[in-house]
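S.K.: Sharing a structure here in structure tokens format.
None of the figures in this text is laboratory data; all of them are computed from the coordinates on show. Owing to the predicted nature of the structure, the values given are computational and were not obtained by experimental measurement. Note that each Cβ is placed from the backbone with ideal geometry, even for glycine, and that neighbours are counted across all protein chains shown.
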Amino acid sequence: MRITAVAGNCRRGLPGWAALVGMVMLAAVTAGLAAGGRPVQAAVRHLPGARTLDTISPAGELGSVSAVSPADVWVAGVHDVTSKDAAEPLVLHWNGTTWMTLKTPVFAGRVQTSLDGLSALSPTDAWVAGYYGIGAYHPLILHCNGTACQQVTTPILRGIGTALYGVSAVSPTDVWVAGAANGGNARLMLHWNGQAWMRVATPAPSGAQDTALFGVSADSVTDAWAAGSYLLPGGTGGPMMLHWNGNAWTLAKAPAIGGAPLGADAISAVSPTDVWAAGTYSASDQAIVRWDGKTWTQMKIPAICETSCLYGVSAVSPTDAWTAGSSYSTGPYKRLILHCNGTACTRAKSPVPGQTQMLFGVSADSPTDAWAVGGYGSGKSLDKVLILHWDGTTWTQVSPTGS
């Protein structure tokens with residue numbers, strides 16, 4: 001899907017989506033996912049052989065990244081196909097020397113696609129989650145083997161419009177995907193056991209009318225976290241934090257910032273005593289918090305600008321975490337990267353390609369290897385993929401067409 005950065009609104013979403021209104025303003029909005037009508041059945045075909053960016057339009061943007069090691073990095077997003085006005089899946093893999101573009105499903109017609117979640121286990125095992133469709137949207141899960149990505153069947157879900165936003169893989173037989181079903185109004189958690197995807201029950205705050213999950217992160221079979229939001233009748237609501245203990249999902253204590261609940265749009269679990277979350281607690285104020293097993297602690301962050309959004313967070317240790325997003329003051333949106341040391345976060349310098357830049361994902365596998373992805377363009381639209389790399393000293397822009 002083509003992202004257009006509009007002043008005062010840095011949220012990702014398809015045209016016509018309505019915000020899930022609550023006490024918090026969330027960066028990944030899901031309500032109003034589909035306006036109604038019969039679902040569009042998109043025909044799927046696969047192109048022979050692995051494609052390269054030489055045969056794919058470079059126009060597009062990246063929505064997610066997963067770094068396993070310096071020689072095993074995955075990124076996912078979409079590339080624009082102007083001949084049929086469509087946005088098709090794009091998955092790239094870095095082996096430490098070159099980028100490879102994996103074969104992905106190609107949908108017939110003007111299908112719009114968004115890949116917002118990615119989690120890799122090895123160079124031959126990665127999962128991608130998102131949605132696709134025309135008007136009514138369907139869940140999309142891809143499993144990648146290092147050469148190609150195949151669409152995997154998901155459970156049949158009631159209602160029109162389902163989007164998947166986050167994925168976290170612990171092992172080949174333990175993968176979680178989070179999102180929203182029924183037009184973006186019903187929280188959705190799926191689990192892969194090595195053979196099939198199954199829907200797993202999740203709780204919601206008492207009286208919640210609409211719910212959605214925007215991120216999930218698991219560090220073991222008995223410790224996983226999910227973040228989202230809920231809406232009560234009458235228009236009030238707030239953030240929703242869930243925890244998995246190996247047997248069931250339960251409601252967890254949500255962080256609060258000065259009495260205002262934090263709407264976490266991204267979450268990263270390193271261990272049961274080291275969990276990071278980033279999000280919004282007012283119309284334009286961002287916060288980053290860390291769970292130590294007992295309490296949430298807010299990180300000190302620098303004054304950024306009038307409006308900012310944090311779409312991704314990735315932690316290596318209690319004293320090393322990255323967040324990525326965008327900021328806006330009076331001009332175009334600019335990429336935003338913050339580095340946190342367990343007490344405070346500082347803004348990191350990074351390349352400034354184009355007039356507008358936005359980052360939607362970040363992933364770090366060590367203190368000297370981190371990646372951030374998004375898009376940039378000469379106007380308000382993001383029409384080129386953006387990949388940034390941290391080597392322990394500086395952030396540099398990386399070309400996806402070679403080494």
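S.K.: Tell me the label-point distance for the pair V221, K253, using the 7 Å Cα-to-Cβ offset, in nm and rounded to one decimal.
M.R.: With each label placed 7 Å out from Cα toward Cβ, I get 2.9 nm.
S.K.: Using the 10 angstrom Cβ neighbour count as an exposure proxy, how do W197, W322 rank, fewest first?
M.R.: Details: W197 17, W322 26.
Taking fewest neighbouring Cβ atoms as first place, the list is W197, W322.
S.K.: To continue, here is another question. Between T346 and S399, with labels modelled 7 Å along Cα→Cβ, what's the label distance in nm to one decimal, could you check?
M.R.: A separation of 3.2 nm, rounded to one decimal place.
S.K.: Next question, about the same structure. Could you work out how much longer the chain between T236 and S171 gets when fully extended? Use 0.36 nm per residue separation minus the Cα distance between them, nm to one decimal. Intermediate values should be presented prior to the final figure.
M.R.: Values: separation 65, 0.36 × 65 = 23.40 nm, distance 3.83 nm.
Here the answer is 19.6 nm.
S.K.: For N245 and A303, what is the calculated FRET efficiency with R₀ set at 51 Å and r taken between the beta-carbons, to the nearest 0.05?
M.R.: On the way: r = 38 Å, r/R0 = 0.75.
Given R0 = 51 Å and the Cβ-Cβ separation, E is 0.85.
S.K.: Taking neighbour counts of Cβ atoms within 10 Å as a proxy for exposure, in what order, fewest first, do S329, S119 appear? Write down the numbers at each step before the final one.
M.R.: On the way: S329 13, S119 25.
By the 10 Å Cβ count, ascending, the order reads S329, S119.
S.K.: How high is the FRET efficiency between M198 and T97 when r is their beta carbon distance and R₀ equals 25 Å, given to the nearest 0.05? Could you put the intermediate results ahead of the total?
M.R.: Numbers: r = 38 Å, r/R0 = 1.54.
The value I calculate is 0.05.
S.K.: Quick one: order V175, V75, V398 by neighbouring beta-carbon count within 10 Å, fewest to most.
M.R.: Working: V175 25, V75 28, V398 19.
Least crowded to most crowded, the residues run V398, V175, V75.
S.K.: Among the lysines, which have Cα under 23 Å from the Cα of K294 when same-chain residues fewer than 8 positions away are ignored?
M.R.: K253
S.K.: Within 10 Å, count the other beta carbons around each residue, average over each peptide in 136-142, 215-221, and list them highest first.
M.R.: Values: 136-142: 23.3, 215-221: 21.0.
Answer by packing, highest mean first, reads 136-142, 215-221.
S.K.: I'd like the Karplus ³J(HN,Hα) series for region 372-378: coefficients 6.51, -1.76, 1.60, θ = phi - 60°, whole numbers in Hz, and an x wherever there's a Gly or Pro.
M.R.: Values, residue by residue: 9, 9, x, x, 8, x, 7 Hz.
S.K.: Determine which lysines satisfy two conditions relative to K384: a Cα distance under 19 Å, and not lying fewer than 8 residues away in the same chain.
M.R.: Candidates past the 8-residue exclusion: K84, K334.
S.K.: If you don't mind, there's one more thing I want to ask. Evaluate the distance, in nm, between pseudo-label points positioned 7 Å from the Cα of S366 and of D285 along their respective Cα→Cβ axes.
M.R.: Those two pseudo-labels are separated by 3.9 nm.
S.K.: Given R₀ = 56 Å, FRET efficiency for I156-S329 by Cβ-Cβ distance, to 0.05? Each step should come with its number before you reach the end.
M.R.: Details: r = 46 Å, r/R0 = 0.82.
Efficiency for this residue pair is about 0.75.
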